[in-house]
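This report concerns only the one structure given below.
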Amino acid sequence: MLPASICWYATKGGVGKSTHTAHHAVLTATGDNRVLTVDLDHQGSLGRLLGYAEHDDYDGGASLAGAIRRQGEPRIIKDVRPGLDAIGGGPELAGIADYLGQQLVARPGSGWKTFEEALELVVGDYDLILIDLPPTPSPLHTAALATVHYLVLPTTTDSLGIDGVAFALSLFGEIRHLNPHLELLAVVGGLWDNRSSRGRDDAGRELADLLDGQVPVLEPWIRLAKPAADDMLRRGITAFEYEALAGDAKAARLQWLRTRQGPAPERVLDSGRGLAADYHAVLSQLADRYAERQLAYLDRVR
Ligand SMILES: Nc1ncnc2c1ncn2[C@@H]1O[C@H](COP(=O)(O)OP(=O)(O)OP(=O)(O)O)[C@@H](O)[C@H]1O
Ligand SMILES: [Mg+2]
């Protein structure tokens with residue numbers, strides 16, 4: 001098991017795994033921690049969300065795939081933000097799930113270990129490792145769940161999102177023989193249309209039944225703000241950075257309205273502000289929960 005590692009885990013696509021991971025990484029790094037993101041998704045979404053997809057050191061997952069095959073080390077993209085580094089994923093990871101699958105057939109109890117060993121080559125310097133996965137269950141999921149310390153389960157308000165949490169809980173049970181340290185930190189709800197509390201309330205009840213008080217559901221649910229989310233993605237920034245940009249843009253626009261000189265400054269959407277507040281509240285609680293579980297873990301292993 002890789003200490004101080006968290007995966008936002010869901011087998012349902014599009015529930016916000018990568019977006020939550022990006023926000024978690026940026027906020028944790030802002031708090032004076034050294035953070036590393038590891039993208040195991042062939043889509044390489046984190047490269048877009050964090051804006052490193054155009055970086056010279058971004059290799060589409062080639063060095064990560066090579067390291068899992070025991071050929072070299074994963075390449076680290078340094079200083080994606082102050083205190084935040086990244087190992088990029090992308091199309092070069094194609095084939096790595098099959099490779100891990102073959103390893104798992106040959107050695108069911110340890111075939112995933114080349115993934116853990118690949119990360120052990122580079123993780124020494126970091127306070128937190130965040131791993132992002134593709135949605136479809138595969139040997140990549142087995143490898144990541146066998147390696148990581150904590151899972152956070154994101155869901156949407158609909159029943160399909162909650163089914164995804166139920167499925168993750170069943171996988172969690174299956175994987176514990178490979179990784180007895182694996183823990184569920186929390187469930188985080190998202191993509192909630194805050195014009196009506198109905199969806200969130202119904203989903204909250206369904207989750208309460210399912211989780212039976214074993215795992216906390218954090219509040220608030222991350223609101224739906226599609227135009228702002230699209231604009232953030234286009235710019236490769238999180239809601240925290242988008243909110244700061246909105247403040248600057250407003251001042252620039254007021255100045256431009258007074259003088260009307262030069263091109264009009266680009267508009268930045270105000271809805272990023274609410275999104276930043278949601279992420280801030282949820283991730284602060286998650287940090288507390290993480291610190292509490294880490295202390296309990298360290299007490300156990302001491
Ligand atoms: N608060 C939000 N409001 C509206 N749309 C959002 C919000 N957060 C993220 N999105 C959008 O939802 C989509 C899915 O988000 P994301 O890629 O993070 O999910 P995912 O679970 O990682 O998906 P995948 O299963 O494909 O890896 C993206 O298009 C993203 O821009
Ligand atoms: Mg994703």
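Laid out as a table, the results:
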| quantity | calculated |
| --- | --- |
| Magnitude of the charge dipole, region 160-266, Cβ model with Lys/Arg +1 and Asp/Glu -1, debye to 20 | 800 debye |
| Calculated from backbone phi, Karplus (6.51, -1.76, 1.60) coupling profile of region 175-183 in Hz, x at Gly/Pro | 8, 5, 6, 8, 9, x, 7, 4, 10 |
| Under-5 Å amide H pairs with V38, H placed in peptide plane, nonlocal only | I87, L130, I131, D132 |
| Helix-only [θ]222 nm of the chain, DSSP H runs n ≥ 4, -39500 (n - 2.57) each, per residue, nearest 500 | -15500 deg cm²/dmol |
| Taking W8, W256 and counting other C-beta atoms within 10 Å, the order from fewest to most | W256, W8 |
| Antiparallel bridges, percent of DSSP beta bridges restricted to region 1-158 (to nearest 5) | 10 percent |
| Selection from H20, L84, T238 lying farthest towards where the dipole of the chain points positive, charges on Cβ | T238 |
| Ellipsoid semi-axes in whole angstrom, largest first, where each is sqrt(5λ) of the Cα gyration tensor of the chain | 33, 24, 17 |
| Angle between the chain longest axis and helix 226-235 axis [Cα atoms, degrees, rounded to 10] | 80 degrees |
| Distant-in-sequence amide H partners of V148 (H built 1.01 Å from N, under 5 Å) | L2 |
| Nonlocal amide H pairs with V187, under 5 Å, H built at 1.01 Å | L153, V217, L218 |
| Proximal aspartates and glutamates to K250, defined as alpha-carbon separation beneath 20 angstrom and excluding residues fewer than eight positions away on the same chain | D230, D231, E241, E266, D270 |
| Separation between Cα centres of region 280-302 and region 161-230, rounded to whole Å | 18 Å |
| Between helix 17-30 and the chain: long-axis angle, C-alpha atoms, 0 to 90°, nearest 10 | 80 degrees |
| Relative contact order, percent, the chain [alpha-carbon distance under 8 Å, six or more residues apart] | 21 percent |
| Where only C-alpha atoms are counted, convex hull volume of region 223-278 per residue in Å³ | 71 Å³ |
| Electrostatic dipole magnitude of the chain [Cβ: Lys, Arg +1; Asp, Glu -1; Cα centre; debye, to 20] | 520 debye |
| D209-R107 pseudo-label distance in nm [points 7 Å out on the Cα-to-Cβ vector] | 4.5 nm |
| For region 12-103, size of Cβ-based charge dipole, Lys and Arg +1, Asp and Glu -1, in debye | 300 debye |
| Projected label distance in nm at N194 and Q261, using a 7 Å step from Cα toward the beta-carbon | 3.9 nm |
| Over region 185-261, relative contact order from alpha-carbon pairs under 8 Å, at least 6 apart, % | 35 percent |
| Whole-Hz ³J(HN,Hα) from phi, Karplus 6.51 cos²θ - 1.76 cosθ + 1.60, for region 259-267, glycine and proline x | 9, 6, 9, x, x, 5, x, 4, 7 |
| Integer Hz, Karplus 6.51/-1.76/1.60 couplings in order for region 237-254, x for Gly and Pro | 10, 8, 4, 4, 6, 5, 4, 5, 4, 4, x, 5, 5, 4, 4, 5, 5, 4 |
| Reachable lysines from K12, criterion Cα separation under 22 angstrom, eight or more residues apart if same chain | K226 |
| Max mean-square fluctuation residue, GNM over the chain, Cα-Cα springs under 10 Å, options T259, T114, T147 | T259 |
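Every number here is computed from the coordinates shown, using simple stated rules; none is lab data. Model, not experiment: these values are computed from the prediction. Neighbour counts are summed over all protein chains in view; Cβ atoms, including those assigned to glycine, are modelled from backbone coordinates with ideal geometry.
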